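The values are calculated or read from the model by the stated rules, or taken from the named source; none is laboratory data. Bear in mind the structure is a predicted one, so any value in this text is a computation, not a measurement. When we count neighbours, we look across all protein chains shown, and the Cβ atoms used for this are built from the backbone with ideal geometry, even at glycine.
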Amino acid sequence: MKFSIGINYGRFNDATSMDDVSRDALELVKIADQGGFDIVWTAEHHTIEVTASPNPFQILAFWASQTKNIRLGTGVVSAPYWNPIRLAGEAGLCDVISGGRLELGFGRGSYQYEFDRMGGGMPQQEGGRYMRELIPAVRELWKGDYEHNGEIWKFPATTAAPKPMQKPVPMWIAARDQNTFEFAIQNGCSIMSTALRRPFSEVVALEARFRDAVKAYHAGGGKDQPEHLTLRLGCVWEDKATRDIAVKSMIEYGRGFENLFKNIATVRNGFPDLVDFDVLANRDEFLPDSLIENTMSGTPDEVIAKLERYHAAGIRHFMLGTTFGLPKEISRRSVELFCDRVIPHFKAKASAEARVSA
């Protein structure tokens, strides 16, 4: 099983300085680099303090200078906010700076709040058109001179400068619906999915969509072997006090996320208002026991048991989401425990299975 970690620049009030946010994020990245995580991912978001990352390539280039092993992923670039030439060049430069460690993840864009400011107010659902045109254009620009006459972008023959070291750069698409799964796999991309805070049955459903899309691709003559990475927020703890703090952080983060996701409240100076508890009454994803059950949270042994269940369902690549307002000491200890207790369990299991098969 492979392991990724999602780490974003984010703050939840203006009492926290961005210097501290950057420093704390880098500390987690270094722990993940030394502790066996395969990839660290960071997002793109604009005008929102809870994920303050207007250009993820800047963050990844900085982390590249401070790490040795871990690969560096955009999770994800929002396609409607990019020109293909700019994206091809910036991604190429990041791959060069990182020594060929870039993983390039794409998405259609997350929040209508951002589309109203970054996308001229277009409906968020239209972002998929941009992603579908952007991905093949970037690939062509990496090959050499390329003229583009698309529905969205048009430009005369030109090429990316610089071009990436990797040939090819691994590409990913954030997806939940079957059509996007199929587009991704037919276009040589792996899948990033999330079950959000829904029950385990949602993980099973996402894996089934992935398998169906891969089966159709191979039936049509496709040869690549795409990956399916799935994300859950999570915290590994050792005591009830830490559990209670983590659950409270998930609930508060969820109230802000609900605002952005459904575009139902106000954002003030970059901080989303928290949706009132009355709006969330009886919602399972905001009940402590359900939150613990439906996130990658628990003691090391409990988290291992959850991941064994994921593995049995076919999941071979898991991403731990860490940025949801946890105090830095708890976040650091959670990642340390994941590295010290959880990853070694699966590495030992893989080694034992390899010896048996040999």
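Take R209 and decide whether it is outside any loop (DSSP other than H, G, I, E, B), of a type outside the set (A, V, I, L, M, F, W, C), in contact with a helix residue (DSSP H, G or I) (Cβ under 6 Å, 6 or more places away or on another chain) and surrounded by 19 or more Cβ atoms within 10 Å (Cβ to Cβ). Outline the logic, then answer.
Details: outside any loop (DSSP other than H, G, I, E, B): yes; of a type outside the set (A, V, I, L, M, F, W, C): yes; in contact with a helix residue (DSSP H, G or I) (Cβ under 6 Å, 6 or more places away or on another chain): yes; surrounded by 19 or more Cβ atoms within 10 Å (Cβ to Cβ): yes.
Against the criterion (outside any loop (DSSP other than H, G, I, E, B), of a type outside the set (A, V, I, L, M, F, W, C), in contact with a helix residue (DSSP H, G or I) (Cβ under 6 Å, 6 or more places away or on another chain) and surrounded by 19 or more Cβ atoms within 10 Å (Cβ to Cβ)), R209 qualifies.
Do we have any residue at all in region 160-182 that's touching a Leu at 6+ places or on another chain (Cβ under 6 Å), surrounded by fewer than 18 Cβ atoms within 10 Å (Cβ to Cβ) and farther than 14 Å from G105 by Cα?
Here is the first cut: in region 160-182, the ones touching a Leu at 6+ places or on another chain (Cβ under 6 Å) are 160, 162, 169, 171.
Restricting the remaining residues to those that are surrounded by fewer than 18 Cβ atoms within 10 Å (Cβ to Cβ) gives 162.
From the residues that got through so far, the ones that are farther than 14 Å from G105 by Cα too are 162.
Yes, region 160-182 has at least one match.
What is the residue count in region 116-136 for residues that are assigned to a helix (DSSP H, G or I) and either crowded, with 18+ Cβ neighbours inside 10 Å or small (G, A, S) (or both)?
Of the residues in region 116-136, the ones assigned to a helix (DSSP H, G or I) are 116-118, 124-136.
Add one more test, that the residue is either crowded, with 18+ Cβ neighbours inside 10 Å or small (G, A, S) (or both), and what stays is 118, 124, 127-128, 130-132, 134-135.
Count: 9.
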Inset, instruction - Among the numbered conditions (1) crowded, with 19+ Cβ neighbours inside 10 Å; (2) more than 17 Å from the chain's Cα centre (by Cα); (3) among the small types (G, A, S), tell me where A91 comes up short. - result: (2)
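For residues in region 183-201 being small (G, A, S) and touching a Lys or Arg at 6+ places or on another chain (Cβ under 9 Å), which is surrounded by the most Cβ atoms within 10 Å (Cβ to Cβ)? Working first, answer last.
The initial filter retains those residues of region 183-201 that are small (G, A, S), namely 184, 188, 190, 193, 195, 201.
With the extra rule that they be touching a Lys or Arg at 6+ places or on another chain (Cβ under 9 Å), the set shrinks to 188, 193, 195.
Numbers: G188: 16, S193: 24, A195: 20.
Taking the candidates together, the pick is S193.
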Inset, instruction - State which residue is surrounded by the most Cβ atoms within 10 Å (Cβ to Cβ) when the search covers only region 59-80 and only residues that are farther than 30 Å from W153 by Cβ and among the hydroxyl-bearing types (S, T, Y). - result: T67
Inset, instruction - Kindly list the number of the only condition in (1) assigned to a strand (DSSP E or B); (2) more than 23 Å from the chain's Cα centre (by Cα) that fails for M319. - result: (2)
Legend entry - Of the criteria (1) under 30 Å from N263 (Cβ atoms); (2) outside any loop (DSSP other than H, G, I, E, B); (3) modelled with pLDDT of 95 or more; (4) not aromatic (F, W, Y), which one L141 fails: (1)
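Taking the conditions exactly as written (within 19 Å of S53 (Cβ to Cβ) and aromatic (F, W, Y)), does Y113 satisfy them or not? First the steps, then the outcome.
Details: within 19 Å of S53 (Cβ to Cβ): yes; aromatic (F, W, Y): yes.
Taking the combined requirement at face value, the residue satisfies it.
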Inset, instruction - Check region 96-104 and report whether any residue there is surrounded by fewer than 22 Cβ atoms within 10 Å (Cβ to Cβ), in contact with a Leu (Cβ under 9 Å, 6 or more places away or on another chain) and among the hydroxyl-bearing types (S, T, Y). - result: no
Inset, instruction - Answer yes if at least one residue in region 288-296 is of a type outside the set (G, A, S), surrounded by 14 or more Cβ atoms within 10 Å (Cβ to Cβ) and under 18 Å from A175 (Cβ atoms), and no otherwise. - result: no
Legend entry - Single residue of region 91-142 satisfying the filter (in contact with a Ser or Thr (Cβ under 7 Å, 6 or more places away or on another chain) and aliphatic (A, V, I, L, M)) that is nearest to A61 (Cα to Cα): L104
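For region 95-115: of the residues being among the charged types (D, E, K, R) and not in a strand (DSSP E or B), which is nearest to the chain's Cα centre (by Cα)?
We begin by selecting, within region 95-115, every residue among the charged types (D, E, K, R); these are 95, 101, 103, 108, 114.
Those still in the list that are not in a strand (DSSP E or B) too: 95, 101, 108, 114.
Values: D95: 18, R101: 16, R108: 13, E114: 18 Å.
So, considering only residues that are among the charged types (D, E, K, R) and not in a strand (DSSP E or B), the one nearest to the chain's Cα centre (by Cα) is R108.
Conditions (1) buried (at least 16 other Cβ atoms within 10 Å of the Cβ); (2) not polar (S, T, N, Q), marked per residue:
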{"residue": "L260", "(1), (2)": "yes, yes"}
{"residue": "G270", "(1), (2)": "no, yes"}
{"residue": "D276", "(1), (2)": "no, yes"}
{"residue": "T322", "(1), (2)": "yes, no"}
{"residue": "V342", "(1), (2)": "yes, yes"}
Inset, instruction - Inspect region 46-56 for any residue being buried (at least 19 other Cβ atoms within 10 Å of the Cβ), more than 25 Å from F12 (Cα to Cα) and of a type in the set (A, V, I, L, M, F, W, C) and give the result as yes or no. - result: no
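Condition check ((1) under 17 Å from the mean Cα position of the chain (by Cα); (2) among the polar types (S, T, N, Q); (3) over 18 Å from A313 (Cα atoms)) across all residues:
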{"residue": "D177", "(1), (2), (3)": "yes, no, yes"}
{"residue": "A195", "(1), (2), (3)": "yes, no, no"}
{"residue": "D212", "(1), (2), (3)": "no, no, no"}
{"residue": "G220", "(1), (2), (3)": "no, no, yes"}
